[in-house]
1. With angles folded into 0 to 90 degrees, how steeply does helix 44-54 sit against the dominant principal axis of the chain? Use alpha carbons for both and round to 10.
2. Running Debye on segment 7-63 with equal point scatterers at the Cα sites and no solvent, what base-10 log of I(q)/I(0) appears at q = 0.30, 0.31 Å⁻¹?
3. I need the phi-derived Karplus couplings for segment 12-18: 6.51 cos²θ - 1.76 cosθ + 1.60, θ = phi - 60°, integer Hz, Gly and Pro marked x.
4. Counting helices only, and only those DSSP H runs with n ≥ 4, report the 222 nm mean residue ellipticity of the chain as the sum of -39,500 (n - 2.57) divided by its residues, in deg cm²/dmol to the nearest 500.
5. Within straight cross-link reach of Lys48, meaning Cα distance under 20 Å, which aspartates and glutamates are found once same-chain residues fewer than 8 apart are removed?
6. Whole-Hz ³J(HN,Hα) for each residue in segment 21-28, computed from phi via Karplus 6.51 cos²θ - 1.76 cosθ + 1.60 with θ = phi - 60°, x for glycine and proline: what do you get?
7. Based on Cβ point charges of +1 for Lys and Arg and -1 for Asp and Glu, what charge dipole magnitude is obtained for the chain about its Cα centre, in debye rounded to the nearest 20?
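Derivation of every value follows stated rules applied to the coordinates shown; laboratory data play no part. Remember, it's a predicted structure, so these values are computed and weren't measured experimentally. Reconstructed Cβ throughout: ideal geometry from the backbone, glycine too, with neighbour counts over all protein chains shown.
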Amino acid sequence: MTEKFTLKQRRMIQNFTQEQMASKIGVHINTYRNWEEQPQKISIEKAKKISAALNISINEIFFNN
């Protein structure tokens, strides 16, 4: 069984701050913070950017929390 990680855990594994992630994907830090709590609110377009930045699949963003 594959270990599941939250979006926050994935970000922390990569040693990125919330501010760095927000900058990488082009959103305000408060928006990114909200997404870590409610990943279901992330658009597909932004999920693709997050998945590229963290080297994870989009499925991990939506279904591992």
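1. Its long axis makes an angle of about 80 degrees.
2. With one equal scatterer per Cα and no solvent, log10 I(q)/I(0) is -1.62, -1.74.
3. 5, 4, 7, 6, 9, 7, 4
4. Mean residue ellipticity at 222 nm (helix-derived): -17000 deg cm²/dmol.
5. Filter leaves Glu19, Glu36, Glu37, Glu60.
6. Listing the rounded values in order: 5, 4, 5, 4, 9, x, 10, 5 Hz.
7. My answer is approximately 100 debye.
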